[in-house]
Every structure is written in C-alpha cells, then in structure tokens.
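Novice: One structure follows; several queries about it will come next.
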Amino acid sequence: MMIGSGMIHATVNAIFKAGGSDKMSGRAMIDGSSALLMLPLAFIVPLPHGAWIWLAGSLAAHLVYLTCLVRAFSLADMSAVYPVMRGTAPVIAAVASVMVLGDPITAAIALGIAFVCLGTVLVAARNAPPWRAIGWALGTGAAIAVYTVVDARGVRATPAAISYVVWDFIVTGVGIGGYFAWRRGHEFVIAARTQWRVGLIAGALSIASYSLALGAYRLGNVARLASLRETSIVFGLIIAAVFLHEHVNRTRALGGGLIAVGAAVLIVLG
C-alpha cells in the first residue's frame, strides 16, 4: 500500500512541478479538485466523530506543508528538493510517533530509517539547490512529519476510517485550495481556464495516494509506514530524469538506491 502510495505521490508532484510557473494556482486546482471529488461522499459516510480536533490540526499542518512546497518547487528542480523534503520526514515522524502514539522503534526500523536518511543526504549532496530552496524543503519535511502523525491519530480516533479520509480531503481542499485561489485572484482564474483538466487528474491521484497511506496508518506502525512511503523519492528521481529532463547524477542515483534498500529492510525486517 505504502509503496503504491509513494509512486502515485511522486507522479502528482511531477505533474505539479511541470504545471507552469504559477505554483500556488496549481496547488489550488489540485486540492480544490480533491475536495470536489470527495464532496458527494460526505453525504454517504458517517461524520468523523472524535476526530474533528485532528482534522483541524491536519488543516494547519497541510497549510504549512503546501506553502513550503510551493516555495521549494518555485526555486529548484524536483530532483534536488523532493528527496530532501520526503527524506527528512520519516525521522521526525518516527520520533513523534513514539512520543504521541506510543509506537515502538525496533532495531530493524531504525536501520531502515538510517538507510533512507543516508540516501537522502546523497541525493541532495551534489549540485545542491540554493540554500533558500533547501530551507523550504526542510520546512516541507517537518510539516509532512507533523501531518503524518496527526492524521494517523485522527484516522484511528474515528470509528470509520473512510469518514476521516473523506473529510480530511474536504477540509484541506476547501480551506487551503480556497485560500490559495483567493491569494492568486485573477491569475488563478486564468490558470484554471487552461489547466483545470490537469488539476482534476492530479487531484484524483492525490486522493488515491493519501487514502492508501491513511488506510495503512490505521493498521500499522507509523514510523515504518512513513519511511516506506518515502520510496516516492526513487520514483520521483526517475520521473524527474525521464519526463522532466532534469539531470540526475551518479551520487543522486546511489542515494536513490540506498533509499530502496532502506525500504526493503523495512518491508522484510520491520
């Protein structure tokens, strides 16, 4: 589930990166589309009783996450900042999951996380992007860790996982998508006229990616699962090289391999 989620997530971010210079309008279309697609289900699934406070926390964390993501992608290549933002998240999420959720960190999980983190350092080591871009990428990673733990707690707090999934997309999509659209004003309207189909596709893929992740978080160890989702770094490097025509050197390729090894350790021994 988590590897599939990571592959789809990398695809969504590649679509977002390739979608033009107005990154904030692009995110507004993606997140707004996710909310619109989920809206009919709000009349079918039960309300997420017991999880409203976690939905509010998720909204705040996603606002920070998406703001940092927009800034990072505006300043540097996907192959440079995407590994940093995704690779730093599992370490923070692992520590937070122990403190907040009481999940255990075994030696195998620690080893897998170490491989993922070392791979991340190598991916970002050569031809490093501007420090401002690295800073925004690190902020993105921290926000990913926060919303991972918040949403893992929220999806466990509600009797029906589907309720949390549906309302999470609606709350964040309407709140953040609406805010970003308002911020861009007329520029958003111009972008939406030509890119709404791409936004709709990316929004649907976002639903698929994060629904898989939330379903897994409800059942398993968050530290291990969050690290497995960071296999999106490998997929992201491949997509950036093949479809976005970004330069991926040997050091970055080696880093991607270490991330894959870390994921394998987590799958087999975690």
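Read-outs: derived from the displayed coordinates by stated rules, not from any lab. It should be emphasised that the depicted structure is a prediction, and the values quoted were computed from it without experimental measurement. Every residue, glycine among them, receives a Cβ derived from its backbone with ideal geometry; neighbour counts consider all protein chains shown.
Novice: Could you give the distance between the Cα centres of segment 3-33 and segment 166-206, to the whole Å?
Specialist: Measuring centre to centre over Cα atoms gives 10 Å.
Novice: To continue, here is another question. Could you give the size of the charge dipole of segment 120-209 about its Cα centre, using +1 on the Cβ of each K and R and -1 on the Cβ of each D and E, expressed in debye and rounded to the nearest 20?
Specialist: Details: 8 positive and 3 negative charges, 41 e Å.
My answer is approximately 200 debye.
Novice: Once phi is turned into θ = phi - 60°, what whole-Hz ³J(HN,Hα) does the Karplus curve with 6.51, -1.76 and 1.60 give for every residue of segment 19-33, x standing for Gly and Pro?
Specialist: Going residue by residue, I get x, x, 7, 7, 5, 5, 5, x, 5, 4, 5, 5, 6, x, 5 Hz, with x marking Gly and Pro.
Novice: Nothing charged except the Cβ atoms of Lys and Arg (+1) and of Asp and Glu (-1): what's the magnitude of the dipole of segment 1-106 about its Cα centre? Round to the nearest 20 debye. Write out the running numbers ahead of the final one.
Specialist: Details: 5 positive and 4 negative charges, 30 e Å.
Computed about the Cα centre, the dipole is about 140 debye.
Novice: Between Ala204 and Ala56, what is the label-to-label distance in nm when each label sits 7 Å out along the Cα-to-Cβ direction?
Specialist: With each label placed 7 Å out from Cα toward Cβ, I get 3.5 nm.
Novice: Something else now. Using a Förster radius of 30 Å, what is the FRET efficiency between Asn249 and Ala108 based on their Cβ-Cβ separation? Nearest 0.05, please.
Specialist: Values: r = 31 Å, r/R0 = 1.02.
Approximately 0.45, to the nearest 0.05.
Novice: Also, quick follow-up: Do you know the relative contact order of segment 79-176, to the nearest whole percent, from alpha carbon pairs under 8 angstrom that are 6+ apart? Mind dumping the intermediate values first?
Specialist: Details: 70 pairs, mean separation 42.5, N = 98.
Worked out over segment 79-176, it gives 43 percent.
Novice: Treat segment 1-159 as a sphere of radius equal to its Kirkwood radius over Cα pairs and apply Stokes-Einstein at 10 °C in a medium of 1.306 mPa s; give the translational diffusion coefficient in µm²/s, rounded to a whole number.
Specialist: Numbers: Rh = 17.0 Å.
Roughly 94 µm²/s, to the nearest whole number.
Novice: Oh, and also: Which residue, His245, Gly50, Leu205, has the largest displacement toward the positive end of the dipole of the chain when charges sit on each Cβ (Lys, Arg +1; Asp, Glu -1)?
Specialist: His245
Novice: Once you compute Rg and the Kirkwood Rh from C-alpha atoms, what is the Rg to Rh ratio for segment 121-183? Working shown, then result.
Specialist: Values: Rg = 16.3 Å, Rh = 14.3 Å.
Using only Cα positions, Rg/Rh for segment 121-183 is 1.14.
Novice: Modelling each spin label as a point 7 Å along the Cα-to-Cβ direction, I'd like the Met99/Trp182 distance in nm, to one decimal.
Specialist: Taking the simple label geometry, Met99 and Trp182 are separated by 3.2 nm.
Novice: Now for a separate question. Between Gly199, Gly57, Gly112, where does the largest GNM mean-square fluctuation fall for the chain, given springs only between Cα atoms within less than 10 Å?
Specialist: Most flexible of the set in this elastic network: Gly57.
Novice: Right, another one. Taking H placed 1.01 Å from N in the peptide plane, check which residues at least 5 places from Ala76 or on another chain put their amide H under 5 Å from its amide H.
Specialist: none
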